[in-house]
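*Asks:* Once you've had a glance at the structure underneath, I'll fire off some questions.
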Amino acid sequence: MKRLIFFAALLLYASISVAQSADTLYIDADGVKLHTVLCKPGKVKKNSLAIIIAGSGPTDLNGNQKNMVNNSLLFLSDELVKNNIATVRFDKRGVAKSAYSGLDESLLTFERFADDVVVLIDYFKSIGYKKIYLIGHSEGSLLGLIAAQKRDVKGFVSLCGAGNPIDVVLRKQVKPQLPEAAYVQFNEILDSLKGGHMVKSVPPYLNSLFRQSVQPYMISWLRFDPAELVRSARTPILIIQGANDIQIDIQEAEALHASIPDKKFVTISRMNHVLKTIEGDRNENIASYSNPNLPVNSHLIEVLTGFISRIN
């Protein structure tokens, strides 16, 4: 009898695995082929879809960077699909399999990345996904908010996203890391960029942030205020923040929520910026950024699936 039960369990697992599918698509966005992966549960109508938008820097559709593999967005997608929610993940233009020859970093703007999200919304609506949800992680939260101004979406989730303009966030993040004189110089450069003015001379220790080729992107990013955008969004909104996030602090999420106090705000206990559960200290937190096997926080999945099921 035990062997029969075990065999039946294997058949059930096999049927669940077969019921899920993943399709790789290259979608044209102003001449750039965006590498996307569409993951579908087998028993759900084709009209609902969550687009997962990755965070800052060269973060790929799995939530990984070259020296920081944690599979956060891959695991997030897997868990949503297990809960009968179709997902799309994508490599941002110029990143991973969306890389292209002739990339000129100086021509990239924040608006362009947000418009890529709009392209994806339009494409998936055109093939039958009428109910689109945006899940923006970190910087992806702001990209999703901008896209939500341009297209109607069924719902929007800010996942560990900032509530203040990026200059406010950067000043908080960088201050503990720089000597006082260097921090003064950092602020001068940031003030110039916020005013729309390029800076010709950047010290080597700030080059990764403010190199000449990335300054147009920074200038465009500094124009946006998440609080203003979330107030004007015409869709149900959920704000989620991890209590153990060492990149975007709880005050940022509270600032975003303060602009729309009637919307839902959830703090996930022990969750960090890469959506993992942290029981210990900062060292454990940092180590999780490079742990490709640690699952995402289970309560996060409960909150997300609950939000989508309520408004679907």
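Residue by residue, here is whether (1) over 15 Å from Phe307 (Cβ atoms); (2) touching a Phe, Trp or Tyr at 6+ places or on another chain (Cβ under 6 Å) holds:
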{"position": "Glu228", "(1), (2)": "yes, no"}
{"position": "Ile237", "(1), (2)": "no, yes"}
{"position": "Ile240", "(1), (2)": "no, no"}
{"position": "Ile246", "(1), (2)": "yes, no"}
{"position": "Met271", "(1), (2)": "yes, no"}
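*Asks:* Of Val69, Val118, which residue is touching a helix residue (DSSP H, G or I) at 6+ places or on another chain (Cβ under 6 Å) and farther than 16 Å from Leu25 by Cβ?
*Replies:* Sole residue among the options that is touching a helix residue (DSSP H, G or I) at 6+ places or on another chain (Cβ under 6 Å) and farther than 16 Å from Leu25 by Cβ: Val118.
*Asks:* Next question. Could you list all residues from segment 118-135 that are closer than 16 Å to Phe156 by Cβ, in a helix (DSSP H, G or I) and not basic (Lys, Arg)?
*Replies:* Val118, Leu120, Ile121, Phe124
*Asks:* All but one of (1) in contact with an Asp or Glu (Cβ under 6 Å, 6 or more places away or on another chain); (2) surrounded by 21 or more Cβ atoms within 10 Å (Cβ to Cβ); (3) not in a loop (DSSP other than H, G, I, E, B) hold for Gln215; state the number of the condition that does not hold.
*Replies:* In the conditions (1) in contact with an Asp or Glu (Cβ under 6 Å, 6 or more places away or on another chain); (2) surrounded by 21 or more Cβ atoms within 10 Å (Cβ to Cβ); (3) not in a loop (DSSP other than H, G, I, E, B), Gln215 misses (1) alone.
*Asks:* Just to be sure, is Arg211 in the same structural domain as Ala147 (by TED's automatic domain parsing) and either over 24 Å from Ser259 (Cβ atoms) or out of contact with any helix residue (DSSP H, G or I) (no Cβ under 7 Å at 6 or more places or on another chain) (or both)?
*Replies:* So Arg211 does not fit the description; no.
*Asks:* How many residues are touching a Phe, Trp or Tyr at 6+ places or on another chain (Cβ under 8 Å) and of a type in the set (Gly, Ala, Ser) if we restrict to segment 196-226?
*Replies:* 1
A quick yes/no check of all residues on (1) over 28 Å from the mean Cα position of the chain (by Cα); (2) β-branched (Val, Ile, Thr); (3) more than 25 Å from Ile240 (Cα to Cα); (4) exposed (fewer than 13 other Cβ atoms within 10 Å of the Cβ):
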| site | (1), (2), (3), (4) |
| --- | --- |
| Gly161 | no, no, no, no |
| Asn164 | no, no, no, no |
| Leu170 | no, no, no, no |
| Pro176 | no, no, yes, yes |
| Glu180 | yes, no, yes, yes |
| Asn187 | no, no, yes, no |
| Leu190 | no, no, yes, no |
| Lys200 | yes, no, yes, yes |
| Pro203 | yes, no, yes, yes |
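The values are calculated or read from the model by the stated rules, or taken from the named source; none is laboratory data. Only a predicted model underlies this, so the values are computations on that prediction, with no experimental measurement involved. Every residue, glycine among them, receives a Cβ derived from its backbone with ideal geometry; neighbour counts consider all protein chains shown.
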